[in-house]
Amino acid sequence: MNIRTFVLALFISSTALAQQTETTKIDSLGPGKNIGNISIGPYFPIAFGDNFANNGLDLKMGARFSFKINTIEDLYVGPYFSFFKSNVSNPELIGNYFRSNNYVFGGMVNYEKHIGDFDASIGLGIGYSTYRNHATGDNFSDTATAVWLNPEVSYRFSNYLGVYASTELRHDFMNVNVPNELKDTFNGANYLNISFGLRINLGTAHKYM
């Protein structure tokens, strides 16, 4: 064996050994660990139906935050927060105050699938909803139990960062005492809410997808 053949054989062996080492390293890492994700962005409420929110409030933009933790396979759970502002557009219907801010604190259960660089999920949530009403010299609050259905899709432009778009079908079961003739107006509120923004993926799983 001459020196040229020996060097060529050594080079081929070294290359094969390096590739095997890298493959073994990746295999030892496995698919990575999926911890969960954080989503945060603006929140655009749209009320509908025959209720005080649709007939008496002029809804403004708010914000939405969710933190989902991976539990079993494709199931995620975690806390949720949203808020929006509104001005009273029909005080004759809903009362003598001029502004109402809504806050929801709750939790969600989500089923999520990863398809290439996209993540698609659908979630169910329940939470405590409060309307903080502002009147001249007299502020007060109304409360409700909020439930919602939340389809969401996101796109990853890096291992850990992405953007999301979400819709939310929500109903607030109000806890207010009103005369019988106003119960249909104040018993509940319906919303179709839209949100989009930044998503932060936690863990190393997205590096190997």
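The values are calculated or read from the model by the stated rules, or taken from the named source; none is laboratory data. All figures in this text were calculated on a predicted structure; none of them were measured in a lab. Cβ coordinates were reconstructed from backbone atoms using ideal geometry, including for glycine residues, and neighbour counts include every protein chain displayed. When the accessible area is computed, the model is the full protein with side chains, heavy atoms only, and any ligands, DNA or RNA have been set aside. Shrake-Rupley method; radii C 1.70, N 1.55, O 1.52, S 1.80 Å.
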In the range 156-176, residue surrounded by the fewest Cβ atoms within 10 Å (Cβ to Cβ) [restricted to those that are within 17 Å of N110 (Cβ to Cβ) and not aliphatic (A, V, I, L, M)]: T167
Qualifying residue in the range 173-185 (condition: assigned to a strand (DSSP E or B) and either in contact with a Ser or Thr (Cβ under 7 Å, 6 or more places away or on another chain) or of a type in the set (D, E, K, R) (or both)): yes
The range 143-155, residues that are open to solvent by 40 Å² or more (accessible area, probe 1.4 Å) and over 12 Å from the mean Cα position of the chain (by Cα): T145, V147, Y155
All positions within the range 36-50 that are farther than 26 Å from L182 by Cβ and surrounded by fewer than 20 Cβ atoms within 10 Å (Cβ to Cβ): G36, I38, I40, G41, P42, F44
Filter result for N193 (outside any strand (DSSP E or B) and either open to solvent by 70 Å² or more (accessible area, probe 1.4 Å) or closer than 30 Å to T143 by Cβ (or both)): no
Pair list, Cβ under 6 Å, 6 or more apart: the range 66-86 residue within 17 Å of Y164 (Cα to Cα) and in contact (Cβ under 8 Å) with a residue 60 or more places away in the chain, other residue assigned to a strand (DSSP E or B) and open to solvent by less than 20 Å² (accessible area, probe 1.4 Å): S82/Y43; S82/R64; S82/V104
Considering residues of the range 187-204 that are of a type in the set (S, T, N, Q) and at pLDDT below 95 only, the residue farthest from L59 (Cα to Cα): T204
Number of the condition not met by P179 [criteria: (1) in contact (Cβ under 8 Å) with a residue 12 or more places away in the chain; (2) surrounded by fewer than 17 Cβ atoms within 10 Å (Cβ to Cβ)]: (1)
Filter result (assigned to a loop (DSSP other than H, G, I, E, B) and either at pLDDT 95 or above or in contact with a strand residue (DSSP E or B) (Cβ under 9 Å, 6 or more places away or on another chain) (or both)) within the range 29-49: G32, K33, P45, I46, G49
